[in-house]
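K.L.:
I am attaching a structure below and will ask some questions about it afterwards.
The values are calculated or read from the model by the stated rules, or taken from the named source; none is laboratory data. Just so it is clear, the model here is predicted, and its values are computed rather than measured. Backbone-built Cβ (ideal geometry, glycine too); neighbour counts: all protein chains shown. Areas reflect the complete protein model, heavy atoms only, side chains present, ligands, DNA and RNA absent. Shrake-Rupley method; radii C 1.70, N 1.55, O 1.52, S 1.80 Å.
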Amino acid sequence: KYMNLESFNDHIAIGINHLCLHKDLNKLNLKYYVLVESFFLYPYCKNPYTKKYQRNALGELFKMSFPEDSEINLFVSLTNYFGHKFKNLHYLYHFGRRNPDIKFQDPSSIFSFMSGGLHAAVGLAIFLGFKKAILVGCDYTFSPVSNGHFYAFGAPKRSDKDYNNYQDLFEVSTETIDLSVITDFGKSNSLPFQTYEEFTGKSLKYQENIELIKEEYLEMLRKAVSLEQYGSKI
């Protein structure tokens, strides 16, 4: 919410999760995109929180917002094979190798980097031969930790505790790829870091979700909240 995505368009980008909701998506040099949640693209889902079967509002939102005819290479879990077929769609699966392992990062075979979007993006960057990757918007890597999606209402919440959700990923991957992170105000105890201002020479400017996302997408997010598929205020 504080960073201008256009500041990073001189780099090749790998998008993750619901970045496609952002109004400035087309200002990035976006070549690849990963969404690895199982069974995410089907019309109905089993809610992991309520254990009820219901309409899949978040999956519908992704299919609505991702540019279907784009040249972006989209990587999804093999479990979504019958869910939807985008152009340039590719499938990933771990085949039981659930912990990130540098020996298993081949998208055409065993891809062990399946624990989440960041895992998959880093694994894909390694496979593609990138020697360096800069993480943007990965606020769980900040110190103190920041929590909050850009599509939720309100400023991110800062935790009084410092923890690293991605220790396994960073331990495995940093021997092969140089990882660093762009922070907003603070530092990172997880990876080498630069603030946004240091990296770009520009000032941070906060924008609320209503400035970043189309109203029709926000309405779908509110539907997801009503179904208890997402828990933050929209």
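K.L.:
Answer rounded, prolate or oblate for region 96-234, using the Cα gyration tensor with square roots of eigenvalues a ≥ b ≥ c: rounded when a/c is under 1.5, else prolate when a/b is larger than b/c, else oblate. Intermediate values should be presented prior to the final figure.
P.N.:
Values: a/c = 1.95, a/b = 1.33, b/c = 1.47.
Taking the square roots of the gyration eigenvalues as a ≥ b ≥ c, region 96-234 is oblate.
K.L.:
Can I ask one more? What's the longest piece of the chain with no exposed GluC sites (Glu not before Pro), counting a site as exposed if DSSP puts it in a loop and it has at most 16 other beta carbons within 10 Å? Walk me through the numbers on the way to the answer.
P.N.:
Details: sites that count: Glu68, Glu71, Glu175, Glu208, Glu228.
Looking at the chain, 72-174 is the longest stretch - no exposed GluC sites (Glu not before Pro) with at most 16 other Cβ atoms within 10 Å.
K.L.:
Suppose only helical runs count, i.e. DSSP H with n ≥ 4. What mean residue ellipticity at 222 nm does that imply for the chain under -39500 (n - 2.57) per run, divided by all residues and rounded to the nearest 500 deg cm²/dmol? Please list the in-between numbers first.
P.N.:
Values: 6 runs with 49 residues, N = 234.
Here the helix-only value at 222 nm equals -5500 deg cm²/dmol.
K.L.:
How large is ³J(HN,Hα), in whole Hz, for each residue of region 84-97 in order, when computed from phi with the Karplus curve 6.51 cos²θ - 1.76 cosθ + 1.60 and θ = phi - 60°, using x for Gly and Pro?
P.N.:
Running phi through 6.51 cos²θ - 1.76 cosθ + 1.60 with θ = phi - 60° gives 6, 10, 7, 5, 6, 8, 10, 10, 10, 7, 8, 6, x, 8 Hz.
K.L.:
Also, I was wondering about something else. Taking amide hydrogens as modeled 1.01 Å from N in the peptide plane, which residues meet the under 5 Å criterion relative to Phe153, leaving out close sequence neighbours?
P.N.:
Result for Phe153 returns Lys233, Ile234.
K.L.:
I would also like to ask the following. Who wins for biggest fluctuation among Tyr166, Tyr206, Tyr42 in a Gaussian network model of the chain, springs between alpha carbons below 10 Å?
P.N.:
Highest fluctuation among the options: Tyr206.
K.L.:
At 7 Å along Cα-to-Cβ for each site, give me the label-to-label distance between Glu208 and Leu89 in nm.
P.N.:
3.7
K.L.:
So, one more: Determine the relative contact order of region 1-131: mean sequence separation of Cα pairs under 8 Å and six or more apart, normalised by residue count, in whole percent. Mind showing how you got there, number by number?
P.N.:
Details: 223 pairs, mean separation 27.3, N = 131.
Relative contact order comes out at 21 percent.
K.L.:
While we're here: Kindly write out, for region 24-38 in residue order, the coupling ³J(HN,Hα) from the Karplus curve 6.51 cos²θ - 1.76 cosθ + 1.60 (θ = phi - 60°), rounded to whole Hz, with x marking Gly and Pro.
P.N.:
9, 3, 6, 8, 8, 8, 8, 9, 9, 8, 10, 9, 10, 5, 5
K.L.:
While we're looking at this one, here's another question. For the chain, with the dipole built from +1 on Lys and Arg beta-carbon atoms and -1 on Asp and Glu ones, taken about the Cα centre, which of Gln194, Tyr49, Tyr81 lies farthest toward the positive end?
P.N.:
So the residue we want is Tyr49.
K.L.:
Output the relative contact order of the chain, whole-number percent, from Cα pairs under 8 angstrom with separation of 6+ residues.
P.N.:
Numbers: 433 pairs, mean separation 47.1, N = 234.
Rounded, it is 20 percent for the chain.
K.L.:
Using a probe radius of 1.4 Å on heavy atoms only, what accessible surface per residue do you get for region 15-170? Whole Å² is fine.
P.N.:
In whole numbers, region 15-170 has 50 Å² accessible per residue.
K.L.:
How large is the accessible surface of His149 in square angstrom, using a 1.4 angstrom probe and rounding to the nearest 10?
P.N.:
Ignoring ligands and nucleic acids, His149 comes out at about 80 Å².
K.L.:
To continue, here is another question. Quick query: amide H of Leu135 versus all other amide H atoms, modeled in the peptide plane; which residues come in under 5 Å with a sequence gap of 5 or more or a different chain?
P.N.:
For Leu135, the qualifying residues are Ser180, Val181, Ile182.
K.L.:
Moving on to the next point. So who's got an amide H within less than 5 Å of the one on His90, skipping anything under 5 residues away but keeping other chains? H placed 1.01 Å off N, in plane.
P.N.:
Residues meeting the amide H criterion: Leu74, Phe75, Val76.
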